[in-house]
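See below for the structure under consideration.
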Amino acid sequence: MAGITIRKAVEADFTEVLEMIKARAAFEGHDGEVTNSVEQMRAEQEHFRCVVAEADGAIVGMALWFFYYESWVGRILFLNDMWIKEEYRNKGIGSELMQKIFDAAKEERCKMVRCQVYSWNTPALELYKKLGAAIDPLNNCDFTVES
């Protein structure tokens, strides 16, 4: 999509990022369960990474991840949240956000990118399959990171 910029999130973006986290929680049937706050995100920002998608000067999507170590595989980037505002979906933004995630995984020498998705979230499953995910019965979506 023309006019979309993907960039690293900064503290000034945390309010909008948190609103998207809450929107995703509500979409998944967990409205009102998010206890995180902008203050907590500021205090704990060394534990996560985030990029935002901008269109016309407004944040329209985000992806938030962290790293962990799995004994069978090694270092893994775990995509914890990805959200795109409804009016901006199906415009390629999800693929652009995922490319930034794959780039970060390569930069950090991860062996895999993993996320989890509900079985009823067909649009997310279709995107991840299109991008090459192996999806197991627990709906872990695993992407091998090419060195």
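The values are calculated or read from the model by the stated rules, or taken from the named source; none is laboratory data. All values reported here derive from a predicted model rather than from experimental measurement. Cβ atoms come from the backbone with ideal geometry, glycine included; neighbour counts cover every protein chain shown. Just so you know, the surface numbers come from the protein's heavy atoms only, side chains and all, with ligands and any DNA or RNA stripped out. Shrake-Rupley method; radii C 1.70, N 1.55, O 1.52, S 1.80 Å.
Things to note:
- The candidates TRP65, TRP72, TRP83, arranged from most to least accessible area with a 1.4 Å probe in the full protein assembly, appear as TRP72, TRP83, TRP65.
- Accessible area of region 58-147 belonging to carbon and sulfur atoms, whole % at 1.4 Å probe: 50
- 20 Å Cα-Cα threshold exceeded, pairs from LYS22/LYS85; LYS85/LYS106; LYS91/LYS130; LYS22/LYS91: LYS85/LYS106; LYS22/LYS91
- Largest-first ordering by accessible area, 1.4 Å probe, given options PHE27, PHE48, PHE66: PHE27, PHE66, PHE48
- Where labels lie 7 Å past Cα in the beta-carbon direction, separation of PHE67 and TYR118 in nm: 3.2
- Expressed to the nearest 5 percent, the antiparallel share of DSSP beta bridges inside the chain is 90 percent.
- Rg/Rg_globular for the chain, with Rg_globular taken as 2.2 N^0.38 Å and Rg from C-alpha atoms: 1.01
- Other-chain or far-sequence residues with amide H under 5 Å of LYS85's (modelled H): GLY61
- Accessible surface calculations at 1.4 Å, restricted to protein heavy atoms, place the chain at 58 Å² per residue.
- Taking 0.36 nm per residue of separation and subtracting the current Cα-Cα distance, fully stretching the chain between GLU108 and THR144 would add 11.6 nm.
- Loop sites by DSSP among the GluC sites (Glu not before Pro) of the chain, restricted to those with at most 15 other Cβ atoms within 10 angstrom, leave 34-107 as the longest stretch without any of them.
- Within the assembled protein chains, the solvent-accessible surface assigned to TYR128 is about 20 Å², based on a 1.4 Å probe.
- Region 10-147, relative contact order in percent, only Cα pairs under 8 angstrom and at least six apart counted: 17
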